[in-house]
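Here the structure comes first, spelled out in structure tokens, and everything after it is commentary.
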Amino acid sequence: MAQVVFLLGAGFSCSILDPSRGKAAPLARNFFQVLLGDRRYERGLDGFRQHVFVDVLLEEIARYWHLDLDGLKVRPFDIEECLTLFESQAAETPDADRKLRLARASFALRQMILTYLGDLSHGAHTPTGEQFGKEVLASGADVLTFNYDTLAEEAIASASGIGPKPMPDSLRGMPEERVLLDDDVDASHLAWKPALAFGFEFDEVSLPVAGVPPNVDGGRYYRHPNNQLYSATRVLKLHGSIDWLRYTDQRRYPPFEDDPQEPKTGIVLERHPTYWFGEAPSRDMWRMEPIVIPPLLYKRFDEEPFPAVWDAALQTLSECQTLIVIGYSFPPTDFRTRRLFLEAFSEHSLDNLVVINPDPMVAGTARQLTHFSGAVMTCDDLRALYGLPQSWFDFPAATEPPS
């Protein structure tokens, strides 16, 4: 098990994004401010209206919080409170039409969140992201994260460098000539493989190679001796991920004669899922849905693969010597996380505790939950800790050598 554990919240994503891309990582209370301030969405939400019931969502928000679109641009709004209200009302109302309306509002907000987080992909290729990835690999650390986005794993994979088999010969040539051999299912453009890092085996894996990746059956993928699950340098995503998908029974188009009548089962690791203005990702003829724990007050963790992920998190926390908390504030409503810490440190103590958060109260909470008695190292921001600029473009220009 890892001696070092990183615990990541939304503040981590804020720290490593390159602001020159015009993207910012949202927090629970500023999602609409971030979304509506983005260049892609600043002209309105018409793109979302093609796929989800945006106006139903806005009407419900105006009804209960008295905020219109202009108000959402400038005032904090708690999306967890919003989704929890919709869920609790839907559970209690006997009115079928009201249930449908609440389901549409809730689905619209969830899809808008997933769409925006999907847009952040490839945003971890920054000086801070590279340094974070190098530290994880050098220390053999595990990473526990509550973030749906893929920034942490992108940073680690990028820092790992090109893999020993970035593109096998069996995948070269014309598409109709490509037949993936069993010996080549360990191919990966980068050395660190996400499919081995999440703490459980997927039923289907998109092979992480350049171009259009082939989809590999999970049993076939994990039978390869080079594709065994990692015991360290893992990314344990406690609330799920935008690239963990499952099949729904909804078709993209009516079935043809030879099409399968039922969708596949199991969990799919998609390389780059697309949430286009709220539209659900798809594979073949089937629409897919992400495996995430929604930002609700009352969260459920009994659905696969979360029991395995949380068990792995408990085990690695129970054995680590250094804990580095980045951008997570231990909200009092998230009791499941507090339980995780209370159990992990009931008979175990840390040698080092690092808390990176602009809120000075977080260090006290982390100290209390871990029973740490030493000096806590604190810093406001991951960039400040590393002493690195936000972007590769911010490094000072090299001076000309003397002639």
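The values are calculated or read from the model by the stated rules, or taken from the named source; none is laboratory data. Because the structure is predicted, anything quoted here is derived from the model rather than measured. Neighbour counts are summed over all protein chains in view; Cβ atoms, including those assigned to glycine, are modelled from backbone coordinates with ideal geometry.
What the table below lists for this structure:
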item: Selected residue (criterion: surrounded by the most Cβ atoms within 10 Å (Cβ to Cβ)) from residues of segment 247-269 that are of a type in the set (Ser, Thr, Tyr) and under 24 Å from the mean Cα position of the chain (by Cα); result: 247
item: Residue match in segment 326-336 (condition: surrounded by 13 or more Cβ atoms within 10 Å (Cβ to Cβ), of a type in the set (Phe, Trp, Tyr), farther than 21 Å from residue 10 by Cβ and touching a residue at least 12 places away in the same chain (Cβ under 8 Å)); result: no
item: Some residue of segment 278-294 being within 14 Å of the chain's Cα centre (by Cα), of a type outside the set (Asp, Glu), under 28 Å from residue 49 (Cα atoms) and in a loop (DSSP other than H, G, I, E, B); result: yes
item: Test: residue in segment 5-22 that is surrounded by fewer than 20 Cβ atoms within 10 Å (Cβ to Cβ), without any contact (Cβ under 8 Å) to a residue 24 or more places away in the chain and under 25 Å from the mean Cα position of the chain (by Cα); result: yes
item: Where a residue in segment 72-97 is touching a residue at least 12 places away in the same chain (Cβ under 8 Å) and closer than 17 Å to residue 299 by Cα and its partner, wherever it lies, is among the polar types (S, T, N, Q) and assigned to a loop (DSSP other than H, G, I, E, B), with Cβ under 8 Å and at least six apart; result: 80/333
item: Count of segment 136-158 residues which are within 12 Å of the chain's Cα centre (by Cα), over 28 Å from residue 277 (Cα atoms) and part of a helix (DSSP H, G or I); result: 0
item: Count - residues of segment 270-282 that are buried (at least 18 other Cβ atoms within 10 Å of the Cβ) and either in contact (Cβ under 8 Å) with a residue 40 or more places away in the chain or acidic (Asp, Glu) (or both); result: 6
item: Residue in segment 165-179 that is at pLDDT 95 or above and acidic (Asp, Glu) present; result: no
item: Candidate set: segment 28-51, residues that are touching a Phe, Trp or Tyr at 6+ places or on another chain (Cβ under 6 Å) and of a type in the set (A, V, I, L, M, F, W, C); chosen: the one surrounded by the most Cβ atoms within 10 Å (Cβ to Cβ); result: 32
item: In segment 283-320, residue surrounded by the most Cβ atoms within 10 Å (Cβ to Cβ) [restricted to those that are among the charged types (D, E, K, R) and farther than 27 Å from residue 256 by Cβ]; result: 299
item: Extreme residue, farthest from the chain's Cα centre (by Cα), among residues of segment 339-367 that are part of a helix (DSSP H, G or I) and surrounded by 16 or more Cβ atoms within 10 Å (Cβ to Cβ); result: 367
item: Pairs with Cβ under 6 Å, 6+ apart, first in segment 368-393 and touching a residue at least 24 places away in the same chain (Cβ under 8 Å) and surrounded by 15 or more Cβ atoms within 10 Å (Cβ to Cβ), second assigned to a helix (DSSP H, G or I) and of a type in the set (Ser, Thr, Tyr); result: 381/15; 382/15; 382/128; 383/15; 383/128; 386/128; 388/128; 391/20
